[in-house]
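First comes the structure, then the notes that go with it.
Laboratory data are not the source of any read-out in this text; all were calculated from the coordinates shown. Computed from a prediction, not measured in an experiment: that's the story for all the values here. Virtual Cβ from ideal backbone geometry, glycine too; neighbours counted across all protein chains shown.
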Amino acid sequence: MNIQLQSIWGRWWIPVRKWFYPLWLAYETLVRFYEYAQSVYNYFGASGYPSLGTFCAVATFTVCTAFLTVPACFLLYRFFSTSNLTSTQIEFKLKPIF
């Protein structure tokens, strides 16, 4: 018989975690991608191509957000909102801790 252990953060944390972790991941990755976009803009802007820098910076931010942040946040949300998503031992060990 498998019994779900209580989270180390308490009973109130269980419904909150399914939103907290994906939102935290989204915040962190969007901040990093914004910094990448700024670096791309500074590289092209210093070379004398500010319009190309703007285009590449927006493209960098959009591609990274669309292909990395959104899918990762969705998977993390599904992981914590579904009780038995992967049916693996590591899931049973990680969920009670987080």
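The table for this structure:
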read-out	value
Assigned charges on the beta-carbon of Lys, Arg, Asp, Glu; the chain dipole about Cα centre (debye)	400 debye
Helix runs (DSSP H) in the chain reaching 27 Å along axis by Cα, Kyte-Doolittle at least -0.5	13-46
Relative contact order %, the chain, counting alpha carbon pairs below 8 Å whose residues are six or more apart	41 percent
Neighbour cut-off at most 11 other Cβ (10 Å), DSSP loop, trypsin sites (Lys or Arg not before Pro), the chain	ARG11
